[in-house]
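One structure below.
The values are calculated or read from the model by the stated rules, or taken from the named source; none is laboratory data. Predicted model only: the values in this text are computed from it and were never measured. Quick reminder, even Gly has a Cβ in these numbers, built from the backbone with ideal geometry, and neighbours come from all protein chains shown.
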Amino acid sequence: RNKIALLVPLAVICRDSPQQLVGVVGLEIHAQIRSNTKLFSASAVRFSSPPNSLVSFFDASLPGTLPVLNKRCVEAAVMTGLALNCTINQKSLFDRKHYFYADLPAGYQITQQRRPIAVDGVLNYSLMGGKKKKNQVVRKSARITQIQLEQDSGKSLHDDLQSQTLIDLNRAGVGLMELVMEPDMSCGEEAAAAVRELQLILQALGTCEGNMSEGQLRVDANVSVHRPGQPFGVRAEVKNINSARNLARAIDYEIQRQIQVLESGGTVQNETRAYDSKTGIFFLCSRFMPDQAVVVQEIRDRLPELPHVTRDRLVHAYNILPEHSFTLVNEDGLVEYFEAVMKQTRMNARKVIGWVTNELLGQLKQQDGSVGQSPISPSALAELLELQETGQISSSGAKQVFQEMWRSPGKTARLIVQEKDLGLVSDTEQLHGICQRIVDSHPEEVNAIRKGNKKVLNKLMGLVQKETKGRADPVLVQAILQDKTS
Amino acid sequence: IGLLRNNRRNILTMLSLTIKEVSLALRKGSVSPTELCKKCLNRIKKTQHLNAFITVTDELALKQAQEAETRLLQGIIITCIDEFTYITTRRISKQHVPPGYYTPPFNATVVQKLLDQGAVLVGKTNMDEFAMGAGSTDGAFGPVRNPWGYAAPYRENTGLNPDSDWVVTGGSSGGSAASVASLTSYLALGSDTGGSTRNPGSLCGVVSLKPTYGLLSRHGLIPLVNSMDVPGIITRSVGDAALVLDVLQGVDVKDSTTIPAPSLSTQLPEDFDVRNLCVGIPNEYHAPGLSEETVEQWSRVADMFERAGARVEQVSLPHTQYSIVCYHVLCCAEVASNMARFDGLEYGHRSEIDSSTETMYATSRHEGFNDVVRGRILSGNYFLLKQNYEHYFLKAQKVRRLIADDFKHVFNSGVDVLLTPTTLADAARYSDFTQEDNRTRSQQDDVFTQSVNMAGLPAVSVPTALSRRGLPIGLQLIAPALQDKRLLSVAQWIEQRVGFPSISEFEQPSDQWQKTKKKHTV
């Protein structure tokens, strides 16, 4: 009996106990390539166009039309592959994946299952939070099996009322990069963090806009559970998620569900939709990539700064914390804003971070705006920070000025300080006078301070501030009062 | 009546000219493009019994003929098989037109190129459905009849009645071959995947060229086997074929498998010197079923070369015996894939039954495809199943490589061209031809032609003589890739020496023949 009593607490505390079921998550991501035209035809790629207005003869599968490969799409895939540390295949092949569906006019999708353009990469991402500190940056990675180019399908809209299906082929043939990842993740949080990092990378490269809610980035998760060391369990597929947060939720829900099924003695069913994929026929060849080596190097040289590089650079250049750099990089335009401010002020970077991530970002989020829409320019903010830095206003004063600047764009900080009379009183004589008066009129308090109760000093300071309407330099006031009460 | 006959004789002469000759006549003004067009359209009507045309685009053609410009092929009457896309606005309705007849909204590149040079397209010709067949007997519009079956030599030599004992054109581009052979056009485009242009070309006594794969654009050619299809050129003289090749060859951005033409256009040498030529005779092409007469012609031409100083050698293409099966596997597999788009949804025939999407697909495809096509699709699907993929499809790819290498080895060993038969024999009677099914016929009759497609090489069939039944026999020349011009030079050398007759020499307009028929029955 004693043994049992001991075992139970152990199972609860030790999360890596071999008896515990853990989640296994692998992602399959379809990223719509940001290009002017489709993968194999010259139709424009545009969103929210009238139905069937962006359909060429080839997209409609009219007989006699042939695919013509879009160079930009190939470059996008190579860039993405390089940014994700993949090996680029000098020669890759296209296959046809056959199935009959109304939004697939040709009866097959052109894809790259057998010999894709990039293989064996890794996505490095980070999580906030660790075992001890919540704000610790934990580095993780997920292996990328391959990146393949393929066609997107059209859209089907089911009209049950009239028993019909309406087909819009605008999307049919748009270029996609399918990223297949190894099941290296274990929970929803990891998957969400990985997806967010991927979004940042794709956006930095300009190869995909990465918006999940608009279908530009589609994430499917394969979820199973197992005991560590044992073979993977049966997979279930989680699809049609429109945000990273919902992805995390859905995955965690599925993991919990599977664990419950197994723990109650049941078996997990494979609920992936399985279609018969005949492996297809290759019909295009390396003719499209004549100088592959040159092309790849050229693209490698043109790669923009990737998010993790930016973060590291910010941390080193400005001596800010990693979590700060995450916040900066996560928000479109914030890095540029921050760096612009830093150029024009002497304020310590960590203090500037506070302004940028709390005051500025706070206001923007309230109004659901982006950095580009901020009514306060980096220069204007820098001016305000300089005023605080040089002691002309207090920090609370500065915050007031900030609010006013937000409401009345165009008014400089200096002007508002004047208007609202927020300038700090630093005139020593004047302050001495006020302090003396307060000291003289509060003998009990002065006695208490002299006896050792330093906290009472704050009360006196408060009175001085009241006199000066909060415009006294608190540092000076404290010094003077201390002097007078010693 | 004498004058009438003379007139007819003149018209026939005009229609039987080569492109070069009639071009001259047009430029000189001996005949205007509109007149010529009308004459051809008349002839089409007179030869309706051949069933060579699916669509006659008379209005469009007359409009084209009226354009007064001086381009290379100005006014030249052409046709092409229905497998090429061509924007037609109206068509002559046929009795058993399948519902949902598809009218394409763009022109095939090769068609457009000819039109851009002033050619006048008078119609789309009949063929085996989706280019699958070796007889042009399995199309929705009925079989095509060989014009030589209505000419005097056949009737007189066999004593048979052309209307009941008509002969096939071969296929699948039979309508095009028949059109050129019956003088309703000067040039016809066919398609050639396993011999579909050369086969009917040989049986109809016309020159039929299969260019090197990639020289001519396939944009607008409904694909059968993407890796083997080429547009084929059918004319009445080798010189014409060379002229047309010049117009058509070259890279097309719309077709990524096209390659640049090897040289600037050059005229074929009038007097080709064969003394430096090495002609190979493949051992394995003495196939079972090869007719005596074809062998005779084969020997005849080989001897001609030898007497003129060329080196004629026996060579070996050891994997020939596997080529027909290999071709069949690859063809069916690609067909199964290429035909997947015909689901009745976007274009073409759609079934009335629509209880579900799947049912609609199945019935549309069942109704819209004939037995032959369905058979190949099902076979192709079988070969592409995961468990069969390696044993059939991949294996066939490997064998294909071996077959292509056979040709490479032979050409690398000093042989310039290969001389082979084109078909096993002269044209069969329809009643005999249909004793065997399409697949069997294809397997038998493609034996000399399909390995050329698998290797992507250029080949041409040249008519050499009439058989004892009064029907054409042709021989095939094969050259290394991109040696199309050299190939045609050798072909022209043969043409200049064999003295193949023009059908106009034996021509009797069908109504004339009707009179003769009455005479017999009396």
Keeping to region B:224-251, report how many residues are of a type in the set (Asp, Glu) and surrounded by fewer than 23 Cβ atoms within 10 Å (Cβ to Cβ).
1
Only residues that are within 14 Å of another protein chain (Cβ to nearest Cβ) and either under 16 Å from the mean Cα position of the chain (by Cα) or at pLDDT 90 or above (or both): list them for region A:285-337, please.
none
Scan region A:132-188 for residues that are within 14 Å of another protein chain (Cβ to nearest Cβ), over 22 Å from residue A:208 (Cα atoms) and part of a loop (DSSP other than H, G, I, E, B) and jot them down.
A:160, A:162, A:163
Qualifying helices (runs of 4 or more DSSP H) (wholly inside region B:16-94; at least 1 residues being under 20 Å from residue B:242 (Cβ atoms)):
B:19-28
Of A:74, A:68, A:55, the only residue that is at pLDDT 95 or above and within 14 Å of another protein chain (Cβ to nearest Cβ) is A:55
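Could you tell me which of the residues B:157, B:199 is within 20 Å of residue B:478 (Cβ to Cβ) and in contact (Cβ under 8 Å) with a residue 12 or more places away in the chain?
Selected residue: B:199, the only one of B:157, B:199 that is within 20 Å of residue B:478 (Cβ to Cβ) and in contact (Cβ under 8 Å) with a residue 12 or more places away in the chain.
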Of all residues making up region A:77-94, the number that are surrounded by 23 or more Cβ atoms within 10 Å (Cβ to Cβ) and within 14 Å of another protein chain (Cβ to nearest Cβ)
1
Among the residues of region B:376-387, count how many are more than 32 Å from the chain's Cα centre (by Cα) and within 10 Å of another protein chain (Cβ to nearest Cβ).
2
Mind counting the residues in region B:242-293 that are touching a strand residue (DSSP E or B) at 6+ places or on another chain (Cβ under 7 Å) and either at positive phi or not hydrophobic (A, V, I, L, M, F, W, C) (or both)?
7
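Here's the yes/no breakdown for (1) of a type in the set (Lys, Arg); (2) closer than 13 Å to residue B:447 by Cβ; (3) at pLDDT below 95; (4) surrounded by 14 or more Cβ atoms within 10 Å (Cβ to Cβ):
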| position | (1), (2), (3), (4) |
| --- | --- |
| B:279 | no, no, no, yes |
| B:286 | no, yes, yes, no |
| B:289 | no, yes, yes, no |
| B:294 | no, yes, no, yes |
| B:298 | no, no, no, yes |
| B:306 | no, no, no, no |
| B:310 | no, no, no, yes |
| B:320 | no, yes, yes, yes |
When you scan region B:323-341, how many residues do you find that are free of Cβ contacts under 8 Å to residues at least 60 places away in the same chain and facing chain A (nearest Cβ under 8 Å)?
3
Which count do you get for residues in region A:95-116 that are under 33 Å from the mean Cα position of the chain (by Cα), crowded, with 21+ Cβ neighbours inside 10 Å and either at pLDDT below 90 or away from chain B (no Cβ under 14 Å) (or both)?
2
Restricting region A:87-111 to residues that are touching a residue at least 60 places away in the same chain (Cβ under 8 Å) and in contact with an Asp or Glu (Cβ under 6 Å, 6 or more places away or on another chain), the residue that is nearest to residue B:348 (Cα to Cα)
A:105
From the residues in region B:296-322 that are part of a helix (DSSP H, G or I), without any contact (Cβ under 8 Å) to a residue 60 or more places away in the chain and not basic (Lys, Arg), which one is nearest to residue B:454 (Cα to Cα)?
B:321
